[in-house]
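K.L.:
My questions will all concern the structure given below.
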Amino acid sequence: MVVQRVAVIGAGPSGLTSVKACLDEGLEPMCFESSHDIGGLWRYKEKPEPGRANVYQSVVINSSKEMMAFSDFPPLPELPNNMHHTEVLKYLRLYAHKFNLLPYIYFQTTVTSVTQAADFTGTGRWIVETETVDSQRATHVFDAVLVCTGHFSVPHLPLKDFPGIESFPGRYFHSWDYCNPTGLEDKTVVVIGFGNSGSDLAVDISRVANRVYLSTRTGAWVTCRVGPKGIPADIAWITRTGALMQKLFPSWSNRMFEKKMNEMYDHQLYGLKPKHSFLAQIPVVNDNLASQIISGRVRMKPNIKEFRESNVIFTDGSIVENVDVVVFATGYKHSFPFLQLRSAYMLHLYRNVFPAALSPPTLAVVGFISGAGSINPAAELQARWATRIFKGLVSLPKQEDMMKAIEKEPGMHYRFSGSGHNSLQVDFIPYMDSLAHEIGVHPNVLTLCLKDPILALEVFTGPCTSYQYRLTGPGRWSGSRNAILTQMDRVREPFRTRMVPGPETSSLSQQNVIMFFGCTALLCWFFCNMYIRPVFPLW
Ligand code: FAD
């Protein structure tokens, strides 16, 4: 089986980085994008377009620019840390231009069907059917397929879970339909669902509405984009040191995070507190929810029991009368409408990428994850791994071993769970590292300590940015060391709009050094207890 021609479906962030991964491996990508432009979700649409993800007008990315950057393309220093959707699109355009990706993209061309060729078992080939906006149909044969169509395009609207909704005389819609709060002025609005979309919409709408009620079944931990000392929270928290501490001391880490969250505002007092611990689920990121709750603009409510015309009855017996609008922020369905595979193939995805039941492995899904970090760098690693599998440079485990791994390692693989709820969630750094190991680009911190201690310190204690996966191995980038050592400069740059004289306040690197030595001490203690004490009990 020789793979040369690869179909890439979708030109959002995952599709763009997949085209680049193909080119880097000497493959011939042909990318089909149903819209007229790149950017996927981040190309704002005045009116939501069926079959495509949508963002609302004021959306600002939760991930900071360094954490969402691709591994060989650091963002411009002057870009804000948490970018508006227009700036995310600008970054993606610069990426596409820099690596000359546009010539490989066929716009306004929808993939309507992907089927295995008659000789699939021997060749792994696929028949891909496309249709252009002016109804021109074409059939292509590809050696492999990368599916990069996102997972925020098919709204999940569970009306049957809300008895009486058919009697509701007001307007209701899914969060996918929302662009801005126009038309919701002075209305009483109930938002159902307390994920990132639900909390964002509740805040956005509460600026013009009479009152907004945010209904949640489970509650959630709420964290902010702005972290300690005002630096982006993901820069502060998504570190290898942090991941190690979470692995060694999970209960302590949970307690530490929950304490910090409650120091910002008491989650119990604010009606937010979930039953699950902090690390069990991705937290909601919202900097404004607490201020909208304290000012009474947003009121937290439990799950809805039923609708009685315009009255909403909650499970605690409370009633909100005369509701005008209900917004269902109830998530999305996982869907690959063009895939004519036996559906069982897509139920178990090894590392969220390869259908474990498919042989030979010539179809992969990229960007089909969620996690406490940004999707882009993980999607990039998925694409780098998938293209190396296609080329036969790396191989997958045996089918039964993949199935066993899928059962045994939650947070590392996709296993369809009926509702689809949370099945995309991965443990961010361990997941990225597992892909990096497969590709051969995992940074070895111990070797780095000997060769380049300054870099090792930043890799181990600094933000786990994607540049780390270009330090070594296939696809090594000579600029990666500099990108890592200058990442905090790019974080600080956009704040320099009014220079204040005087010494800079203590930097994150100082905290990192303390964390580094703290961790080293803990590891020594661990090592002594595990290996030295049993041999020399009096030591
Ligand atoms: P998309 O961006 O959805 O792109 C898919 C592309 O495929 C689209 O261009 C679509 O037109 C095309 N397509 C679909 N079907 C076909 C077909 N049959 N034929 C041809 N083309 C097709 N992630 C983060 O990491 N950080 C964040 O802060 C963050 N914030 C978010 C906020 C919101 C409100 C939402 C909804 C999501 C957010 N995400 C965030 C997740 C976001 O989905 C990813 O960051 C990223 O956009 C996913 O890229 P993608 O390329 O996989 O999918």
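The values are calculated or read from the model by the stated rules, or taken from the named source; none is laboratory data. Model, not experiment: these values are computed from the prediction. No Cβ is skipped: glycine too gets one built from the backbone with ideal geometry, and neighbour counts run over all protein chains shown.
K.L.:
Would you call PRO13 touching a residue at least 60 places away in the same chain (Cβ under 8 Å) and within 22 Å of THR387 (Cβ to Cβ)?
P.N.:
Yes: the conditions hold for PRO13.
K.L.:
Take ASP287 and tell me if it is assigned by TED's automatic domain parsing to the domain that holds GLU166 and in contact (Cβ under 8 Å) with a residue 60 or more places away in the chain.
P.N.:
On the way: assigned by TED's automatic domain parsing to the domain that holds GLU166: yes; in contact (Cβ under 8 Å) with a residue 60 or more places away in the chain: yes.
Considered against the rule, which asks whether it is assigned by TED's automatic domain parsing to the domain that holds GLU166 and in contact (Cβ under 8 Å) with a residue 60 or more places away in the chain, ASP287 comes out as yes.
K.L.:
Inside the stretch 382-411, can you point out the residues that are over 14 Å from the mean Cα position of the chain (by Cα) and either within 13 Å of the ligand (Cβ to nearest atom) or under 23 Å from PHE278 (Cβ atoms) (or both)?
P.N.:
Correct list: ALA383, GLU409, PRO410.
K.L.:
Could you say whether any residue in the stretch 18-27 is within 30 Å of SER199 (Cβ to Cβ), of a type in the set (D, E, K, R), in the same structural domain as GLY371 (by TED's automatic domain parsing) and in contact (Cβ under 8 Å) with a residue 12 or more places away in the chain?
P.N.:
Within the stretch 18-27, not a single residue is within 30 Å of SER199 (Cβ to Cβ), of a type in the set (D, E, K, R), in the same structural domain as GLY371 (by TED's automatic domain parsing) and in contact (Cβ under 8 Å) with a residue 12 or more places away in the chain.
K.L.:
Condition first: more than 16 Å from the ligand (Cβ to nearest atom) and of a type in the set (A, V, I, L, M, F, W, C). Now tell me which residues in the stretch 338-352 satisfy that. Show your work before the answer.
P.N.:
Here is the first cut: in the stretch 338-352, the residues more than 16 Å from the ligand (Cβ to nearest atom) are 342-345, 347-348, 350.
Matches in the stretch 338-352: ALA344, LEU347.
K.L.:
Within the stretch 44-58, is even one residue of a type in the set (Lys, Arg) and surrounded by 22 or more Cβ atoms within 10 Å (Cβ to Cβ)?
P.N.:
Checking the stretch 44-58: not a single residue is of a type in the set (Lys, Arg) and surrounded by 22 or more Cβ atoms within 10 Å (Cβ to Cβ).
K.L.:
Name the residues in the stretch 266-292 that are touching a helix residue (DSSP H, G or I) at 6+ places or on another chain (Cβ under 7 Å) and surrounded by fewer than 16 Cβ atoms within 10 Å (Cβ to Cβ), would you?
P.N.:
Listed by number, the list holds a single entry, SER277.
K.L.:
Select from the stretch 9-65 the residues that are part of a strand (DSSP E or B), over 15 Å from the mean Cα position of the chain (by Cα) and more than 6 Å from the ligand (Cβ to nearest atom) and list them in ascending order. Reasoning before the result, please.
P.N.:
Step one: filter the stretch 9-65 for residues part of a strand (DSSP E or B), giving 9, 28-32, 60.
The next check asks that each one be over 15 Å from the mean Cα position of the chain (by Cα); those that pass are 9, 28-32.
Listed by number, the residues that qualify are GLU28, PRO29, MET30, CYS31.
K.L.:
Specify the residue that is farthest from the ligand (Cβ to nearest atom); the eligible residues are those in the stretch 96-122 that are assigned to a helix (DSSP H, G or I) and not aliphatic (A, V, I, L, M).
P.N.:
It comes out as GLY122.
K.L.:
Do we find that THR132 is over 24 Å from the mean Cα position of the chain (by Cα), outside the structural domain of GLN292 (by TED's automatic domain parsing) and surrounded by 14 or more Cβ atoms within 10 Å (Cβ to Cβ) in this structure?
P.N.:
Considered against the rule, which asks whether it is over 24 Å from the mean Cα position of the chain (by Cα), outside the structural domain of GLN292 (by TED's automatic domain parsing) and surrounded by 14 or more Cβ atoms within 10 Å (Cβ to Cβ), THR132 comes out as yes.
K.L.:
Of all residues in the stretch 176-206, which are in contact with a Pro (Cβ under 7 Å, 6 or more places away or on another chain) and under 25 Å from ASN262 (Cα atoms)?
P.N.:
Of everything in the stretch 176-206, just one residue is in contact with a Pro (Cβ under 7 Å, 6 or more places away or on another chain) and under 25 Å from ASN262 (Cα atoms), namely ASP204.
K.L.:
For SER215, are the conditions met, namely being at pLDDT 95 or above and more than 27 Å from SER374 (Cβ to Cβ)?
P.N.:
Yes; evaluated as a whole, the condition is true for this residue.
K.L.:
Please go through the stretch 353-381 and pick out each residue that is near the ligand (Cβ under 9 Å from one of its atoms) and outside any loop (DSSP other than H, G, I, E, B).
P.N.:
SER370, GLY371, ILE375, ASN376, PRO377, ALA378, ALA379 - these are the residues of the stretch 353-381 that are near the ligand (Cβ under 9 Å from one of its atoms) and outside any loop (DSSP other than H, G, I, E, B).
K.L.:
Do we find that SER71 is within 20 Å of the chain's Cα centre (by Cα), buried (at least 23 other Cβ atoms within 10 Å of the Cβ) and near the ligand (Cβ under 9 Å from one of its atoms) in this structure?
P.N.:
Here the answer is no, as SER71 does not meet what is asked.
K.L.:
Say we look at the stretch 184-229 and pick out the residues that are touching a helix residue (DSSP H, G or I) at 6+ places or on another chain (Cβ under 7 Å) and over 27 Å from ARG308 (Cα atoms); which of these is surrounded by the fewest Cβ atoms within 10 Å (Cβ to Cβ)?
P.N.:
For the stretch 184-229, the residue satisfying everything is PRO228.
K.L.:
Part of a strand (DSSP E or B), aromatic (Phe, Trp, Tyr) and either outside the structural domain of HIS413 (by TED's automatic domain parsing) or within 16 Å of the ligand (Cβ to nearest atom) (or both): is that true of PHE307 in this structure?
P.N.:
On the way: part of a strand (DSSP E or B): yes; aromatic (Phe, Trp, Tyr): yes; either outside the structural domain of HIS413 (by TED's automatic domain parsing) or within 16 Å of the ligand (Cβ to nearest atom) (or both): yes.
So PHE307 fits the description; yes.
K.L.:
Sort out which residues of the stretch 409-430 are modelled with pLDDT of 85 or more and in a loop (DSSP other than H, G, I, E, B), and write them in order of number.
P.N.:
Result: GLU409, GLY411, MET412, HIS413, LEU424, ASP427.
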